[in-house]
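Undergrad: Below is one structure. I have some questions about it.
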Amino acid sequence: VAKMTSPSPTHSDSSGSSKHDSNQDSWEIVEGLRGVPASMQEPDRQEGLLLKRRKWPMKGWHKRYFLLEKGILKYAKHGADLKKGKLHGCIDVGLSVMSIKKKAMCIDLDTEDNIYHLKVILDAQIYEPSSAEFSVILCRLSLFLDNVHKCLNTYRCLLSFPASDSHKRHSQQLSATGSHSLVHQVSNESRASIPESISEFFDAQELRLISSVVTLARRRSTLPSPCPTSSVSLWNILRNNIGKDLSKVAMPVQLNEPLNTLQRLCEELEYSELLDTANQTQDPYQRMVYVATFAISAYASTYHRAGSKPFNPVLGETYECDRPDKGFRFIAEQVSHHPPVSACHSDSRNFTFWQDVRWKNKFWGKSMEIVPMGTTHVTLPAFGDHYEWNKVTSCIHNILSGQRWIEHYGEMAIKNVNSDACQCKITFVKAKSWSSTVNEIEGVVTDSNGKVVHSIFGKWNESVFQGDPPSATCIWRANPMPVDQEQYYGFTQFAVEMNELDSTLRPLLPPTDTRFRPDQRLLEEGNPEGAEEQKQRIEQLQRERKRVLQDNSMTHQPRFFKKSKDDTWVSNNTYWELRRDPGFSKIDFPVLW
């Protein structure tokens with residue numbers, strides 16, 4: 001590990017002193033390896049107690065239990081909490097700037113959003129507030145809670161009445177300031193004291209705080225029930241279908257996971273922040289790197305999901321996902337049944353994303369190959385870019401025996417149709433029986449003359465690097481998986497949240513939304529027998545609707561998507577307007593279930 005000794009311009013002395021009286025007492029910025037040599041062994045798991053500095057509301061050093069594994073540093077109040085998944089925080093060390101102070105045994109981790117001050121435990125250093133300090137703490141907490149109550153009332157008023165001029169100004173300030181700086185202002189002691197700035201502090205910042213609380217409150221952390229044990233014989237189902245398209249073969253519900261293909265399309269947006277970054281990157285070649293990395297990240301959620309398949313949407317089924325915390329909203333619809341075609345559209349301040357996808361699934365005896373057709377599109381408004389790319393082939397191995405695993409292989413070509421300045425080609429490397437390398441990707445960004453400007457490499461399920469090892473830069477890392485994910489279909493945290501339906505959302509959705517599907521809901525709740533019964537009923541309803549259309553010489557017309565000139569499905573831009581006015585409860589929809 002290369003180290004450079006210099007005072008850190010962004011870090012203060014965690015022990016309270018900014019004086020660097022000797023090299024031994026100076027901060028060292030630790031520059032880790034970027035790209036791992038083949039000979040390097042993975043570091044052992046490390047865990048134990050450290051002191052973590054808090055600034056507000058109980059400033060000082062506090063004991064926290066830390067776990068470092070595979071480059072991810074997690075911490076909780078106690079070791080038992082960590083095992084239960086009750087985390088206080090999760091830090092990707094590989095994407096952080098680390099500074100150390102050997103003499104004081106201090107470590108600072110700068111994650112851009114926050115700076116974590118850590119220290120090796122010495123019993124004498126554990127913070128014990130005096131009675132006077134404790135009184136101040138209680139006073140501040142009481143004041144804070146009183147003003148949160150005041151803010152809740154203000155928030156309710158804002159929902160009921162038009163915004164006043166002062167509230168409009170504060171809304172503009174919130175937009176201009178951005179979420180990162182507001183989070184720091186709420187917790188940063190460098191601001192004026194709470195009693196000196198009550199009106200400014202709670203009129204603007206607390207609205208942001210309460211909005212965050214409202215958003216976070218409806219995100220569940222686990223599914224209602226673990227996946228049931230399946231007794232279905234795949235061989236009995238598949239032996240007569242070797243080489244055939246399995247999209248036309250009825251599968252029992254026990255082979256499913258409690259998510260829908262439309263929701264799977266939304267999962268491709270889990271790392272949408274890569275597109276946010278691309279829309280703020282001036283260099284066109286570097287923008288292409290971020291777009292390409294986003295296209296690769298869409299496959300990360302599939303790594304633990306080879307054991308089951310998503311529900312097939314019925315014709316006219318829809319799914320919406322509104323994520324103000326991630327800055328996008330998403331809508332999908334099943335626009336065709338034969339062949340099955342799913343269309344989706346997502347918009348954000350930083351990008352627009354859309355695609356229509358159809359799949360051919362073929363069983364070859366030991367494996368099932370999934371060949372997607374269609375094109376994925378992304379536009380970046382800041383630069384007028386319009387990117388297009390194809391999906392690669394997926395294959396599920398060991399269908400009938402052994403441990404199932406999924407592989408993606410083939411070439412993905414990305415181009416900007418509004419500029420020929422650069423192109424990108426990504427290769428998902430097919431694993432060889434004599435090689436231990438799996439899940440690898442490699443790619444290049446080239447200029448209009450074909451000259452390589454940037455190269456990227458990594459694994460689609462772990463991370464993507466730009467450049468050449470050992471000086472490569474990490475562009476993206478997959479989020480850590482939830483605790484006990486094996487018992488919950490291998491879902492990521494993002495996937496766990498997708499089928500949630502609470503009382504505030506229920507009246508806003510159309511009756512065709514996937515979250516109202518009884519078979520999918522029953523499977524999620526651990527009732528496969530009830531789910532199978534509902535699945536057969538829903539499929540029969542679909543056949544009956546098809547027969548009615550045929551008898552009247554009619555064809556199904558999608559409600560929220562339309563065919564474009566190049567025969568692809570695009571949004572007709574009516575969903576969110578209809579949702580707002582007159583609302584879906586006043587619109588007639590077919591009975592899907």
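Undergrad: Being closer than 30 Å to A306 by Cβ, at pLDDT 95 or above, surrounded by 15 or more Cβ atoms within 10 Å (Cβ to Cβ) and in contact with a strand residue (DSSP E or B) (Cβ under 7 Å, 6 or more places away or on another chain) is the requirement here; does T568 meet it? So that I can check it myself, show each step before the final result.
TA: Values: closer than 30 Å to A306 by Cβ: yes; at pLDDT 95 or above: no; surrounded by 15 or more Cβ atoms within 10 Å (Cβ to Cβ): yes; in contact with a strand residue (DSSP E or B) (Cβ under 7 Å, 6 or more places away or on another chain): yes.
Spelling it out, it is not the case that T568 is closer than 30 Å to A306 by Cβ, at pLDDT 95 or above, surrounded by 15 or more Cβ atoms within 10 Å (Cβ to Cβ) and in contact with a strand residue (DSSP E or B) (Cβ under 7 Å, 6 or more places away or on another chain).
Undergrad: For a quick check of your reading: which strands (runs of 3 or more DSSP E) sit entirely within region 421-475 and have at least 2 residues that are acidic (D, E) and surrounded by fewer than 17 Cβ atoms within 10 Å (Cβ to Cβ)?
TA: Fully inside region 421-475 and qualifying: 440-447.
Undergrad: Next question, about the same structure. Output the residue which, of all residues in region 334-350 that are outside any strand (DSSP E or B) and either among the aromatic types (F, W, Y) or modelled with pLDDT of 95 or more (or both), is farthest from M373 (Cα to Cα).
TA: The residue in question is R349.
Undergrad: Restricting attention to region 307-319, and to residues there that are over 18 Å from L509 (Cβ atoms) and part of a strand (DSSP E or B), which single residue is nearest to the chain's Cα centre (by Cα)?
TA: P310
Undergrad: Give me the residue from region 235-281 that is modelled with pLDDT under 70 and in a strand (DSSP E or B) and, out of that set, nearest to N361 (Cα to Cα).
TA: Only one residue tops the list, namely D245.
Undergrad: Just name the residue that is nearest to L501 (Cα to Cα) out of those in region 320-350 that are of a type in the set (S, T, Y) and more than 17 Å from the chain's Cα centre (by Cα). I'd like the intermediate steps shown before the answer.
TA: Residues of region 320-350 of a type in the set (S, T, Y): 336, 342, 346, 348.
Keeping just the survivors that are more than 17 Å from the chain's Cα centre (by Cα) gives 336, 342.
Details: S336: 26, S342: 22 Å.
In this case the residue turns out to be S342.
Undergrad: Using the structure shown, decide if K415 is surrounded by fewer than 16 Cβ atoms within 10 Å (Cβ to Cβ), without any contact (Cβ under 8 Å) to a residue 60 or more places away in the chain, assigned by TED's automatic domain parsing to the domain that holds D567 and more than 22 Å from F494 (Cβ to Cβ). Please lay out each step first, then the result.
TA: Details: surrounded by fewer than 16 Cβ atoms within 10 Å (Cβ to Cβ): no; without any contact (Cβ under 8 Å) to a residue 60 or more places away in the chain: yes; assigned by TED's automatic domain parsing to the domain that holds D567: yes; more than 22 Å from F494 (Cβ to Cβ): yes.
Criteria not met by K415.
Undergrad: Looking at (1) surrounded by 13 or more Cβ atoms within 10 Å (Cβ to Cβ); (2) in a helix (DSSP H, G or I), which is the only condition P558 fails?
TA: Among (1) surrounded by 13 or more Cβ atoms within 10 Å (Cβ to Cβ); (2) in a helix (DSSP H, G or I), the lone unmet condition for P558 is (2).
Undergrad: Name the single residue that is surrounded by the most Cβ atoms within 10 Å (Cβ to Cβ) among those in region 389-403 being hydroxyl-bearing (S, T, Y) and modelled with pLDDT of 90 or more.
TA: Taking region 389-403 as the starting set, the residues that turn out to be hydroxyl-bearing (S, T, Y) are 393-394, 401.
Those still in the list that are modelled with pLDDT of 90 or more too: 393-394.
Working: T393: 16, S394: 21.
Ranking the qualifying residues of region 389-403, first place goes to S394.
Undergrad: Before we move on, is S401 within 24 Å of Q286 (Cβ to Cβ), of a type in the set (S, T, N, Q), in the same structural domain as N361 (by TED's automatic domain parsing) and over 28 Å from the mean Cα position of the chain (by Cα)?
TA: Details: within 24 Å of Q286 (Cβ to Cβ): no; of a type in the set (S, T, N, Q): yes; in the same structural domain as N361 (by TED's automatic domain parsing): yes; over 28 Å from the mean Cα position of the chain (by Cα): yes.
Against the criterion (within 24 Å of Q286 (Cβ to Cβ), of a type in the set (S, T, N, Q), in the same structural domain as N361 (by TED's automatic domain parsing) and over 28 Å from the mean Cα position of the chain (by Cα)), S401 does not qualify.
The values are calculated or read from the model by the stated rules, or taken from the named source; none is laboratory data. Predicted model, so just to flag it, every value in this text is computed and none were measured. Glycine also receives a Cβ, built like all others from the backbone with ideal geometry; neighbour counts cover every protein chain displayed.
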